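The values are calculated or read from the model by the stated rules, or taken from the named source; none is laboratory data. Keep in mind it's a predicted model, so treat the numbers as computed, not measured. With ideal geometry, Cβ positions are generated from the backbone for all residues, glycine too; neighbour counts draw on all protein chains shown. Keep in mind that these areas ignore ligands, DNA and RNA; they rest on the heavy atoms of the full protein, side chains included. Shrake-Rupley method; radii C 1.70, N 1.55, O 1.52, S 1.80 Å.
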Amino acid sequence: MSEEFTEPDRRFMRLALRLARKGRGWTSPNPSVGAVVVNNGQVVGCGFSRPAGQRHAEFFALQEAGPRARGATLYSTLEPCCHIGRTPPCTEEIIEAGVKRVIASVLDPNPLVNGRGFERLRAAGIATASGLCSEDASRQMEDFLKFITTGLPFVTLKLATTLDGRIATRTGDSKWITSEASRRYVHQLRHEHDAVVVGINTLLVDDPELTARHRRKARNPCRVILDSQLRTPLSSKVLKDLDRSGAKTLVIGTRMANPQQADSLRAAGADVIFAPGRSKRVALPWLIRHLGQMGCTSILIEGGGEVAASALGAGLVDKVVWFIAAKIVGGKDAVPAVGGKGASRVSEAIGFKQWKTRRIGDDMVVEGYLKPAEGKAGRNPS
């Protein structure tokens with residue numbers, strides 16, 4: 001149920017949201033949740049989600065509160081779980097602690113919960129309410145909410161361009177378009193996603209590591225290379241650092257590729273799989289479904305222009321993070337951010353339904369969610 005919330009309620013839930021951010025990147029396939037225990041207007045316990053398999057945010061908040069949890073209010077960014085998985089149900093710990101009231105931002109859409117957590121608490125005489133700061137909480141756990149309801153990963157397209165929309169000069173030079181501060185933020189994005197996807201041309205030109213190197217301790221994503229003909233060099237950084245980075249490298253080929261090259265890549269430590277069908281290109285809709293079946297809840301697409309065009313054209317992108325440097329490259333032969341055929345009319349252009357801008361270093365960042373175009377955006381070039 002929902003109710004009118006007070007300003008202190010909002011303040012305590014905002015604290016829970018800040019705590020939840022500490023778990024970003026570590027908790028997949030679970031969401032990153034924050035919890036706060038408040039007694040007589042004072043915060044007596046705080047907690048946030050740890051990696052999957054460890055205890056949930058509510059447990060840590062209650063543990064810190066100890067006996068002060070009796071008669072208190074617990075604020076959580078997600079409805080407490082009521083089922084036995086890899087950890088005991090949070091509802092039973094809340095009941096045992098003597099909590100009087102529980103407020104959640106979002107009801108858990110997991111079929112194993114989906115309101116049952118609150119039902120169990122109410123049956124034990126605990127008051128419940130939901131909806132507080134729900135928009136912020138939903139965005140914070142957008143990958144989990146999509147994956148648990150559809151089985152598909154949340155897809156973010158990252159682009160870094162000059163002011164005139166170029167990702168490289170006419171000679172292919174692309175280092176560095178954006179500032180060091182922006183590049184550190186990209187590393188944070190990698191840390192927060194289960195997989196990062198690039199096309200073979202990006203790999204051949206830039207030889208990226210595709211790891212999170214913005215801080216000493218970070219989680220590296222699974223690196224997915226779209227390589228229909230299996231041209232990934234055995235000297236590539238994504239193969240040379242497998243032991244050091246702990247990151248998995250997955251090369252996606254097609255039936256057009258040489259099987260012997262697949263054997264060589266596997267010997268170098270990569271996982272190689274072949275996309276179904278006889279197309280010369282990897283079909284991105286199939287790839288997104290396949291990564292979801294692997295347990296990836298979030299995917300970061302980093303490039304290049306043809307991969308971006310394919311993902312946008314197929315309607316696979318949920319969110320765009322676009323870094324724009326205050327530079328102009330110019331030239332009709334410079335490489336555009338989005339390739340393919342593109343829209344034939346402005347009315348067919350892909351727009352944003354929610355977006356915001358901010359500055360990172362010397363760059364501007366546009367971040368937003370996509371809305372369907374009025375007309376057809378063009379054929380999927382994959």
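Figures for the structure shown
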read-out	value
For LEU242: the one exception among (1) modelled with pLDDT under 90; (2) open to solvent by 40 Å² or more (accessible area, probe 1.4 Å)	(2)
Scan of segment 167-180 for residues that are under 16 Å from MET364 (Cβ atoms) and open to solvent by less than 30 Å² (accessible area, probe 1.4 Å), ordered by number	ILE177, THR178, SER179
Given (1) of a type outside the set (D, E, K, R); (2) within 21 Å of LEU152 (Cβ to Cβ); (3) loosely packed, with under 15 Cβ neighbours inside 10 Å, number of the condition GLN260 does not satisfy	(2)
Residue list for segment 83-102, filter: touching a Phe, Trp or Tyr at 6+ places or on another chain (Cβ under 9 Å) and surrounded by fewer than 24 Cβ atoms within 10 Å (Cβ to Cβ)	THR87, PRO88, GLU93
Every residue from segment 251-280 that is touching a residue at least 24 places away in the same chain (Cβ under 8 Å) and in a strand (DSSP E or B)	VAL251, ILE252, GLY253, VAL272
Residue, farthest from VAL197 (Cα to Cα), within segment 219-238, restricted to residues that are open to solvent by 30 Å² or more (accessible area, probe 1.4 Å) and within 17 Å of the chain's Cα centre (by Cα)	ARG219
Near pairs, Cβ below 6 angstrom, 6+ apart or cross-chain, from segment 13-37 (within 22 Å of ASN110 (Cα to Cα) and in contact (Cβ under 8 Å) with a residue 24 or more places away in the chain) to any residue that is in a helix (DSSP H, G or I) and open to solvent by 50 Å² or more (accessible area, probe 1.4 Å)	LEU17/ASP136
Meets criteria (over 30 Å from HIS187 (Cβ atoms), open to solvent by 40 Å² or more (accessible area, probe 1.4 Å) and touching a Cys at 6+ places or on another chain (Cβ under 7 Å)) for ARG14	no
Test: residue in segment 17-33 that is over 19 Å from LEU145 (Cα atoms) and in a loop (DSSP other than H, G, I, E, B)	no
Unmet requirement for PRO8, which otherwise passes all of (1) of a type outside the set (A, V, I, L, M, F, W, C); (2) crowded, with 17+ Cβ neighbours inside 10 Å; (3) modelled with pLDDT of 95 or more	(2)
All positions within segment 45-82 that are open to solvent by 20 Å² or more (accessible area, probe 1.4 Å) and closer than 17 Å to ARG21 by Cβ	CYS46, PHE48, ARG50, PRO51, HIS56, PHE60
